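Q: Pasting in a structure now, in structure tokens, and then I'll have a few things to ask.
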Amino acid sequence: MAITRWYKEKKREHFYNEAKRLGYRARSAFKLIQINEKFGIIKKGDVVVDLGCSPGGWCQVALELTGGEGVVVGVDLLPTEPISGVRLMRGDMTTDETVERLLEVVNEKSVQAARPDLLVDCVLSDMSPDISGHYTTDQARSIWLCYRALEFARKVLREEGGFACKVFEGEDFIEFRSELKRWFRHVRPFSPPASRKSSSEIYLVAKGFRAVPLPKAEPKRAAKSENEDEEEEAAPRERFL
């Protein structure tokens with residue numbers, strides 16, 4: 001309907017204008033603001049790593065939330081204009097080389113901040129695949145990026161640390177959420193008001209990181225019918241010599 005389309009455009013325009021007024025590089029900055037207002041995953045003094053940080057809106061918000069005592073590190077495949085107080089690097093998080101470089105940067109910043117334990121308080125991922133237009137393919141790539149973000153988070157998060165990642169809903173979404181629940185005490189899906197209503201993206205927000213995960217759930221075995229039991233009894237048994 002025309003009214004619905006008009007409302008969506010006005011909403012998008014509102015966040016765009018607000019971002020411009022407040023000096024944020026993108027209206028997506030409000031997504032992190034709304035995530036943190038609801039879940040409180042970033043606090044003053046925290047060490048935060050932002051994966052897929054370009055153009056830098058989330059880094060700006062994270063810097064404000066952590067205050068002068070915090071540490072914010074951002075990485076993206078695309079170049080990001082410098083942000084005072086934020087350590088930025090360029091790299092592809094799907095490669096081990098970039099992950100190792102990022103670990104070195106986090107270690108360096110932790111030492112500078114008198115946090116030599118290397119532990120991070122919160123890992124954010126707004127990574128998104130190059131959109132092909134084929135939803136099944138794009139959604140599968142989105143899930144894969146989420147697994148890469150989780151793999152990195154497991155290496156650096158402190159006990160009870162936080163995590164938030166963008167994901168496209170669809171196949172394997174439930175499976176990934178279940179994997180998050182093994183590593184975190186609390187996992188919630190959240191669609192920030194700043195997201196477009198037509199978008200299939202959603203954020204999974206997790207708190208209470210466990211250094212030792214819960215065991216994987218055993219797949220449930222389907223109940224046998226009486227006929228299946230009778231067929232098994234009637235079937236000849238293999239003899240092992």
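Q: Within region 97-106, is even one residue under 19 Å from ALA164 (Cα atoms), surrounded by 15 or more Cβ atoms within 10 Å (Cβ to Cβ) and not β-branched (Val, Ile, Thr)? Spell out the reasoning first.
A: Kept after step one, since they are under 19 Å from ALA164 (Cα atoms), are these residues of region 97-106: 99, 102-103, 106.
With the extra rule that they be surrounded by 15 or more Cβ atoms within 10 Å (Cβ to Cβ), the set shrinks to 99, 102-103, 106.
Retained after the next criterion (residues that are not β-branched (Val, Ile, Thr)): 102-103.
There is at least one residue in region 97-106 that is under 19 Å from ALA164 (Cα atoms), surrounded by 15 or more Cβ atoms within 10 Å (Cβ to Cβ) and not β-branched (Val, Ile, Thr).
Q: Here's a follow-up. Need the failing condition index for LEU119 against (1) under 15 Å from PHE209 (Cα atoms); (2) modelled with pLDDT of 90 or more, just the number.
A: (2)
Q: Let me ask something else about it. Any residue at all in region 71-78 that is in contact with a Leu (Cβ under 9 Å, 6 or more places away or on another chain) and either in contact (Cβ under 8 Å) with a residue 60 or more places away in the chain or surrounded by fewer than 21 Cβ atoms within 10 Å (Cβ to Cβ) (or both)? Explain how you work it out, then say what you get.
A: From region 71-78, those in contact with a Leu (Cβ under 9 Å, 6 or more places away or on another chain) are 72-76; that's our starting set.
Narrowing further to those that are either in contact (Cβ under 8 Å) with a residue 60 or more places away in the chain or surrounded by fewer than 21 Cβ atoms within 10 Å (Cβ to Cβ) (or both): none.
Among the residues of region 71-78, not one is in contact with a Leu (Cβ under 9 Å, 6 or more places away or on another chain) and either in contact (Cβ under 8 Å) with a residue 60 or more places away in the chain or surrounded by fewer than 21 Cβ atoms within 10 Å (Cβ to Cβ) (or both), which makes the answer no.
Q: Let me ask you something else. Restricting attention to region 154-164, and to residues there that are crowded, with 24+ Cβ neighbours inside 10 Å and in contact (Cβ under 8 Å) with a residue 60 or more places away in the chain, which single residue is nearest to LEU119 (Cα to Cα)?
A: GLY162
Q: Identify all residues within region 82-96 that are surrounded by fewer than 19 Cβ atoms within 10 Å (Cβ to Cβ) and under 19 Å from the mean Cα position of the chain (by Cα); write none if there are none.
A: If the condition is that a residue be surrounded by fewer than 19 Cβ atoms within 10 Å (Cβ to Cβ) and under 19 Å from the mean Cα position of the chain (by Cα), then MET89, ARG90, GLY91, ASP92, THR94, THR95, ASP96 are the ones that fit.
Q: Looking only at region 132-141, decide whether some residue is β-branched (Val, Ile, Thr), farther than 22 Å from ILE35 by Cβ and in contact (Cβ under 8 Å) with a residue 24 or more places away in the chain. Show your work before the answer.
A: First pass over region 132-141, keeping only residues β-branched (Val, Ile, Thr): 136-137.
Add one more test, that the residue is farther than 22 Å from ILE35 by Cβ, and what stays is 136-137.
Keeping just the survivors that are in contact (Cβ under 8 Å) with a residue 24 or more places away in the chain gives 136.
Yes, there is a match, as at least one residue in region 132-141 is β-branched (Val, Ile, Thr), farther than 22 Å from ILE35 by Cβ and in contact (Cβ under 8 Å) with a residue 24 or more places away in the chain.
Q: Please count how many residues of region 196-207 are surrounded by fewer than 20 Cβ atoms within 10 Å (Cβ to Cβ) and in a strand (DSSP E or B).
A: Going through region 196-207 one residue at a time, the tally reaches 3.
Q: Condition (residue is in contact with a helix residue (DSSP H, G or I) (Cβ under 8 Å, 6 or more places away or on another chain), assigned to a loop (DSSP other than H, G, I, E, B) and among the basic types (Lys, Arg)) applied to region 185-195: is it met by at least one residue? Write out each step before concluding.
A: The first filter runs over region 185-195 and keeps only residues in contact with a helix residue (DSSP H, G or I) (Cβ under 8 Å, 6 or more places away or on another chain), leaving 187-190, 192-195.
Adding the requirement that they be assigned to a loop (DSSP other than H, G, I, E, B) leaves 192-195.
Retained after the next criterion (residues that are among the basic types (Lys, Arg)): none.
No, there is no match, as no residue in region 185-195 is in contact with a helix residue (DSSP H, G or I) (Cβ under 8 Å, 6 or more places away or on another chain), assigned to a loop (DSSP other than H, G, I, E, B) and among the basic types (Lys, Arg).
Q: Can VAL105 be described as modelled with pLDDT under 95, of a type in the set (A, V, I, L, M), assigned to a helix (DSSP H, G or I) and on the phi < 0 side of the Ramachandran plot? Outline the logic, then answer.
A: Details: modelled with pLDDT under 95: yes; of a type in the set (A, V, I, L, M): yes; assigned to a helix (DSSP H, G or I): yes; on the phi < 0 side of the Ramachandran plot: yes.
Spelling it out, VAL105 is indeed modelled with pLDDT under 95, of a type in the set (A, V, I, L, M), assigned to a helix (DSSP H, G or I) and on the phi < 0 side of the Ramachandran plot.
Q: Now, a different point. If you check ARG188 against the conditions, is it without any contact (Cβ under 8 Å) to a residue 40 or more places away in the chain and of a type outside the set (A, V, I, L, M, F, W, C)? Can you show your working first?
A: Values: without any contact (Cβ under 8 Å) to a residue 40 or more places away in the chain: no; of a type outside the set (A, V, I, L, M, F, W, C): yes.
Judged against the criteria, ARG188 is not a match.
Q: Among the listed residues VAL61, VAL99, VAL47, identify the single one that is in contact with a strand residue (DSSP E or B) (Cβ under 9 Å, 6 or more places away or on another chain) and hydrophobic (A, V, I, L, M, F, W, C). Explain how you work it out, then say what you get.
A: On the way: VAL61 fails: in contact with a strand residue (DSSP E or B) (Cβ under 9 Å, 6 or more places away or on another chain); VAL99 fails: in contact with a strand residue (DSSP E or B) (Cβ under 9 Å, 6 or more places away or on another chain).
It is VAL47.
Q: Further question: Checking the conditions here, which among GLU179, GLU233, GLU218 is assigned to a helix (DSSP H, G or I), more than 24 Å from GLY133 (Cβ to Cβ) and modelled with pLDDT under 95? Working first, answer last.
A: Details: GLU179 fails: modelled with pLDDT under 95; GLU218 fails: assigned to a helix (DSSP H, G or I).
From the options GLU179, GLU233, GLU218, the qualifying one is GLU233.
Q: Going through region 132-146 one residue at a time, which ones are over 16 Å from ILE202 (Cβ atoms) and surrounded by 12 or more Cβ atoms within 10 Å (Cβ to Cβ)? So that I can check it myself, show each step before the final result.
A: Residues of region 132-146 over 16 Å from ILE202 (Cβ atoms): 132-134, 136-137, 144.
Correct list: THR137, TRP144.
Q: Still on this structure, I have one more. So ASP96 passes all but one of these: (1) closer than 26 Å to PHE30 by Cα; (2) free of Cβ contacts under 8 Å to residues at least 12 places away in the same chain. Which condition number does it fail?
A: (1)
Residue-wise test of (1) over 16 Å from the mean Cα position of the chain (by Cα); (2) at pLDDT below 95; (3) outside any strand (DSSP E or B).
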| position | (1), (2), (3) |
| --- | --- |
| PHE15 | yes, yes, yes |
| ARG21 | yes, yes, yes |
| ILE42 | no, no, yes |
| ASP50 | no, no, no |
| SER54 | no, no, yes |
| TRP58 | no, no, yes |
| GLY68 | yes, yes, yes |
| THR80 | yes, no, yes |
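The values are calculated or read from the model by the stated rules, or taken from the named source; none is laboratory data. Source: prediction; values computed, not measured. Neighbour counts are summed over all protein chains in view; Cβ atoms, including those assigned to glycine, are modelled from backbone coordinates with ideal geometry.
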